[in-house]
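K.L.:
What follows is a structure written as structure tokens; I'll ask about it next.
The values are calculated or read from the model by the stated rules, or taken from the named source; none is laboratory data. Fair warning: this is a prediction, and the values are worked out from it, not measured in the lab. Every residue, glycine among them, receives a Cβ derived from its backbone with ideal geometry; neighbour counts consider all protein chains shown.
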Amino acid sequence: MDKLVIEGGKPLSGTIVIQGAKNAALPILAASLLAEGTITIDSVPHLLDIDVMLNILRELGCRAEHTGDTVVLDTTSAHTSHVPETLMKQMRSSIFLMGPLLSRFGEAEVYLPGGCAIGERKIDLHLQGLQALGAEIEEIGNRIICRAEKLQGADIHLTFPSVGATENIMMAAVLAEGRTTLSNAAREPEIQDLQRFLNAMGAKIMGAGTDTITIEGVKQLTPCRYKVIPDRIVAGTIMVAAAATRGGVTLQQTHPAHLSSLIHVLRRAGVQIVVDGDIIKVGSVARPKAVERIVTSPYPAFPTDLQSQVMVLLTLADGVSIMKETIFEGRLKHVDELSRMGADIRVDLNAAFIKGVPRLYGATVEATDLRAGAALVIAGLAAQGRTVVEQVHHIDRGYDKIESMLSRLGANISRYSPVPNN
Ligand code: EPZ
């Protein structure tokens with residue numbers, strides 16, 4: 001397993017272009033199954049999760065090439081609706097393949113994605129939505145078999161604005177007969193990107209980005225070329241790293257409106273942020289101020305995917321901050337690792353009480369999930385001394401060569417891959 005070795009204490013500085021959004025590209029790649037022909041998707045980063053999705057599409061019979069940051073998919077020869085269990089296990093969000101497979105083949109056979117470090121990752125809202133559209137669902141052990149002669153539009157209400165369930169239902173409804181209205185839908189920018197992509201292929205969807213999405217079923221979709229939005233979580237991670245190392249970084253090709261909640265928090269912590277079109281400039285020379293209370297909630301509120309990164313900044317703040325995680329029940333696992341670096345954090349249920357300390361100290365720490373791993377890298381950049389981050393494959397799921405990204409901003413960070421003992 002690869003490791004990252006970081007010599008901390010150097011302020012980040014320089015300019016970086018932000019990669020395309022993983023959480024927009026994944027549903028868009030799945031939705032490509034809804035049209036037969038050659039679909040080209042630009043601004044797709046090279047990530048483990050993207051590789052898994054492309055392998056699943058190949059297993060289903062598609063041709064898929066990923067050259068530079070462009071993916072060319074030929075979905076003509078897709079011939080099966082069965083997603084192999086081994087691939088499902090590698091990326092639980094592949095559960096949103098059910099919608100496109102059901103639409104295209106009238107059936108879908110997938111596997112319960114199972115939980116992960118951050119939580120149980122239930123899929124009841126996905127299944128309820130597909131059933132509302134007329135799918136019959138059978139669970140045999142950990143296999144889920146969905147069938148539907150012809151999906152029918154329906155009025156669906158989500159009891160929680162689940163991102164994946166919203167995407168699954170959109171992709172199942174787009175070729176259904178009649179109108180579907182989805183209320184209490186997730187409002188994330190990645191949902192808006194999926195709507196734009198589907199409409200570029202001839203779908204009739206309105207309302208993404210609000211809590212009510214309307215989908216008028218159409219007969220068929222036609223292939224298109226589409227460019228994915230910038231990754232707001234990668235951008236936010238770099239912004240926090242710049243602040244935590246008291247550096248000055250310019251981010252290009254961003255979508256600042258997608259980062260409003262983070263910008264608000266960083267400004268409350270005393271970080272200088274200047275927004276100019278698709279450019280965000282982050283500067284910080286003083287010790288951050290504590291932020292009294294941050295609660296993760298569905299978009300446009302503060303995102304759970306930036307909780308662990310901002311916590312690192314607050315471990316160095318002047319005062320006590322409180323962070324409450326309300327989306328995933330297991331998303332505070334980075335606290336133990338940060339404490340080993342000298343952070344002073346007390347956890348009570350899903351709230352972390354963070355008492356700022358003057359500095360963190362390098363240590364050997366372990367990434368437990370994608371964003372916790374990114375947070376430990378930020379901690380290593382800010383800490384005094386050497387930090388070794390293990391289990392780096394978690395980080396590679398969402399960051400395209402994080403060590404190259406940060407080295408270009410002046411960080412002293414290297415990747416070590418163990419020599420296979422053959
Ligand atoms: C998406 O996951 C993202 N992943 C996650 O990003 C992100 O943290 C999450 O949305 C919340 O913003 C992708 O887009 C690929 P949810 P998803 O369905 O769709 C519960 C990252 O770091 N729930 O909104 O799985 C669920 O248990 C990843 O890039 C149900 O109860 O998120 C969780 O507690 C991590 N029943 C909460 O809702 C369901 O049927 C949020 O889940 C579905 C979800």
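K.L.:
Kindly indicate the residue of the stretch 83-142 that is among the charged types (D, E, K, R) and in a helix (DSSP H, G or I) and also farthest from residue 55 (Cα to Cα) among those meeting that condition.
P.N.:
Filtering first and then ranking leaves 124.
K.L.:
Just one of the numbered conditions (1) surrounded by fewer than 23 Cβ atoms within 10 Å (Cβ to Cβ); (2) of a type in the set (A, V, I, L, M, F, W, C); (3) in a helix (DSSP H, G or I) is not true of residue 218; which one?
P.N.:
(3)
K.L.:
Go through the residues of the stretch 11-33 one by one and say whether even a single one is away from the ligand (no atom under 16 Å from the Cβ), modelled with pLDDT of 95 or more and farther than 30 Å from residue 385 by Cα.
P.N.:
Yes - at least one qualifying residue is present in the stretch 11-33.
K.L.:
Considering only the stretch 122-138, state which residues are within 13 Å of the ligand (Cβ to nearest atom) and touching a residue at least 40 places away in the same chain (Cβ under 8 Å).
P.N.:
Result: 123, 125, 126, 129, 130.
K.L.:
Determine which member of the set 154, 173 is over 18 Å from the mean Cα position of the chain (by Cα), surrounded by fewer than 23 Cβ atoms within 10 Å (Cβ to Cβ) and small (Gly, Ala, Ser).
P.N.:
Just a single option satisfies the conditions, and that option is 154.
K.L.:
Now a separate question. Can you tell which of 72, 52 is outside the structural domain of residue 253 (by TED's automatic domain parsing), without any contact (Cβ under 8 Å) to a residue 60 or more places away in the chain and more than 28 Å from residue 145 (Cβ to Cβ)?
P.N.:
72
K.L.:
Is it fair to say residue 310 is among the β-branched types (Val, Ile, Thr), closer than 19 Å to residue 259 by Cβ and surrounded by 24 or more Cβ atoms within 10 Å (Cβ to Cβ)?
P.N.:
Yes; evaluated as a whole, the condition is true for this residue.
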